[in-house]
1. In the set A:Leu34, A:Leu64, which member is surrounded by fewer than 21 Cβ atoms within 10 Å (Cβ to Cβ), more than 28 Å from B:Arg224 (Cβ to Cβ), touching a strand residue (DSSP E or B) at 6+ places or on another chain (Cβ under 9 Å) and of a type in the set (A, V, I, L, M, F, W, C)?
2. Can you name the helices (runs of 4 or more DSSP H) wholly within the stretch B:332-406 that have at least 3 residues being more than 30 Å from B:Asp115 (Cβ to Cβ), at the interface with chain A (Cβ under 7 Å from one of its Cβ atoms) and modelled with pLDDT of 90 or more?
3. Of the numbered conditions (1) in a strand (DSSP E or B); (2) within 10 Å of the chain's Cα centre (by Cα), A:Leu145 fails exactly one; give the number of that condition.
4. Out of A:Pro13, A:Pro85, which single residue is in a loop (DSSP other than H, G, I, E, B), under 22 Å from A:Ala106 (Cα atoms) and not aliphatic (A, V, I, L, M)?
5. If you scan the stretch A:233-245, which residues turn out to be surrounded by fewer than 19 Cβ atoms within 10 Å (Cβ to Cβ) and either at the interface with chain B (Cβ under 7 Å from one of its Cβ atoms) or out of contact with any Lys or Arg (no Cβ under 7 Å at 6 or more places or on another chain) (or both)?
6. Evaluate the stretch B:188-210: report whether one residue or more is assigned to a strand (DSSP E or B) and more than 8 Å from chain A (Cβ to nearest Cβ).
7. Can you tell me which residue is surrounded by the most Cβ atoms within 10 Å (Cβ to Cβ) among those in the stretch A:114-164 that are among the charged types (D, E, K, R) and touching a residue at least 12 places away in the same chain (Cβ under 8 Å)?
8. Among residues belonging to the stretch B:226-240 that are part of a loop (DSSP other than H, G, I, E, B) and open to solvent by 10 Å² or more (accessible area, probe 1.4 Å), point out the one that is farthest from A:Pro13 (Cα to Cα).
Amino acid sequence: MKTVVLVSGARHPVSRRPALTRLEAQAASLAAKLGGTVRGLHAGPSDDQLREALGHGLGEADWLEIEDRVDPVPALIDHLKAAAPDIVIAGRRGEGTGDTGLVPYALAEALDMPIIADVVGVSPGAGSGTVSIEQALKKGARRRLVVQLPVLVTIHPLAPPPSPFAFAAARRGTIRHERIEATGLPTAKPSPFVERPYRARPKMMRQAGAGQAGEKAVLVGPTPEEAAERILAFLEDNGIRRYSA
Amino acid sequence: MSRPRIDPRAARASHLVSTAGALRPRLDLGRTGPVSPTGRPRRDPRREMAVSRVSSDGRPRFDRSHQGSFEGLAPSNKTVVSPAPAAPKLRIVAEPAFLVFAIMEAPGGRLTRFDRQLLGAAHRLVGSSGEGAVAAIAFSPIADLGTAGADRSLIVEADGASASGRARLLRGLVESFAPRHVLFAEEGESADLARRLSVSMGEPILTDVEHLGPRQAIRATKGRMAEEVGEPPRLMTLGEDRAAPYGGETCGARTLAFSEEAAPIESDDAILSDEFIPGDPARLTLSETDFVVSAGNGVTDFDHFRKLAAALKGTPGASRVVCDAGLMPREAQVGASGTVLAGDCYLALGIAGAPQHLQGIAACEHVIAVNTDLHAAMIERAGLSIIQDAQLVMPALLKLLEERGS
């Protein structure tokens, strides 16, 4: 099985240095545990993030050097078409670049691969050419999907924590460098939005009992049985749980 | 300044009761009349006292707070007729000039806080002119859409459909209704759906919007070093707690008609099997769960408590006192120094509600308190308060749950 881990051009939120995001470190560890040939892939002006990903379990990586302002998606599409991996693992979105989370979706659309979001586990499927994927849903629920290869997945923060960074592994790993000239590729479309320095905006305060329709009920000194009835009725009326057999 | 003189003879004459043929003139001094030449009615202190008297028997009690006129007030037996509450006004948009879609997630058919915020943001985009309409789009039936702010509702039963199937369905809806904006929640399946739709339609999307008004939308970019500002585009995902929920008149929530052929639900060929595994509340962490059953100093029997938490299908939690005493693990601690909950419901057994503890449950929508102290802070916070010993209520709850067979 051929696996490619996508590494974004993320930056550290404080120092602004190139840094691997936690989700991509989790993706690298997950891919290393999955086995088969695992390669990292990054399109951007520097390979620092890739070097860090090698320390989290990737043996080899491809670095497509492009200029800073160039859209990385066409270069990634060309590379992935040639490499034809079975599984592509990506983080949710970049941190410190565009931060839209659209790149995996654009790749999946261009490569005609199914995309599964919020994945916490990947293991080889029972049949050949299939993979079993565990997807995180709300309220601790999970969905287990058996998917035909090839597939593109994005990682959820509840995936297993990344294996610790190993400096020797990062030094040992090899990065294949390829320079992509910007002339052959269309540059990123001009955005209709104006960019300006960030101003923090406060979030809405979470009010106690907002959206609660009923009035407050206070029962003074009920019998325990009556109290129990009322508690269960409250839970069922508000749709928290169902207790009938 | 001179006042007209009082004519005592005229005043006396006005009190005169006509008793024809009587020997002596009879006077009724209690009678008020236009006595004063100034035209000012005369005060009757006895009547005022009688009006302000509250209790009719026993020790007299007076309510002097009434500062209005006493004229024409009977001492009691006058009932105040309050005006009948007017029927709530209904916002009806008969012929909307444009639509704004809000994609609801609503697990279990109930709107979440985030869903309500989305509808509120959609109303900001529509404006108060009454031209446009907010349409709530959902994949399972939802109650209370009108009060939450949906002028139109479109429920497509596609609960079992895959994400790509839903995205294709939504694309069909967007192409047939041509809404001016489509709003998604930047969370879970909605965020996934928004990006699928954006890529398949080739339409730009503004993700994780932090400020949304009718004229501009703002999102953070470059790791919160810069922000993008511009006219609200067609597709947007809104960050959580970035818009106030709708608080205006109840909306019509009329059903939008659409043909099934325009938006067929297709299955995904690549997905061979799909198995849903519900979360086990006993093994979930406090920050992930939706229902926490928590014990405080009023609980002494912790075996009973753990059994109850399991029977209620809730995640066990505890207050700081209990965790300090080693009766519950530190991971179970709720509050400022433990876990700040994001769940829907909190059942507090024997917890008085220290400020640090209340901070931990600030986001909970429903709170039930069982406590012996009527004046505890937790009772103030709770939607349902039971003034009873938690140690007595726990076995009664367990027994009732056993009877119901769950």
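1. A:Leu34
2. B:390-404
3. Among (1) in a strand (DSSP E or B); (2) within 10 Å of the chain's Cα centre (by Cα), A:Leu145 violates only (2).
4. Going through A:Pro13, A:Pro85 in turn, just one is in a loop (DSSP other than H, G, I, E, B), under 22 Å from A:Ala106 (Cα atoms) and not aliphatic (A, V, I, L, M): A:Pro85.
5. The first filter runs over the stretch A:233-245 and keeps only residues surrounded by fewer than 19 Cβ atoms within 10 Å (Cβ to Cβ), leaving A:233, A:236-237, A:239, A:241-245.
Hits for the stretch A:233-245 are A:Ala233, A:Asp237, A:Gly239, A:Arg241, A:Arg242, A:Tyr243, A:Ser244, A:Ala245.
6. Of all residues in the stretch B:188-210, those assigned to a strand (DSSP E or B) come to B:205-210.
After this cut, where a residue has to be more than 8 Å from chain A (Cβ to nearest Cβ) as well, the list is B:209.
Within the stretch B:188-210, one or more residues are assigned to a strand (DSSP E or B) and more than 8 Å from chain A (Cβ to nearest Cβ).
7. Let us first name the residues in the stretch A:114-164 that are among the charged types (D, E, K, R), namely A:118, A:134, A:138-139, A:142-144.
Next, only the ones that are touching a residue at least 12 places away in the same chain (Cβ under 8 Å) stay: A:118, A:134, A:142, A:144.
On the way: A:Asp118: 23, A:Glu134: 20, A:Arg142: 17, A:Arg144: 15.
Selected residue: A:Asp118.
8. This residue is B:Arg234.
The values are calculated or read from the model by the stated rules, or taken from the named source; none is laboratory data. The model shown is predicted, which means the values in this text are computed figures rather than measured ones. Don't worry about glycine lacking a Cβ; one is built from the backbone with ideal geometry, like all the others, and counts go over all protein chains shown. Heads up: the accessible areas ignore ligands, DNA and RNA and are worked out on the full protein's heavy atoms, side chains in. Shrake-Rupley method; radii C 1.70, N 1.55, O 1.52, S 1.80 Å.
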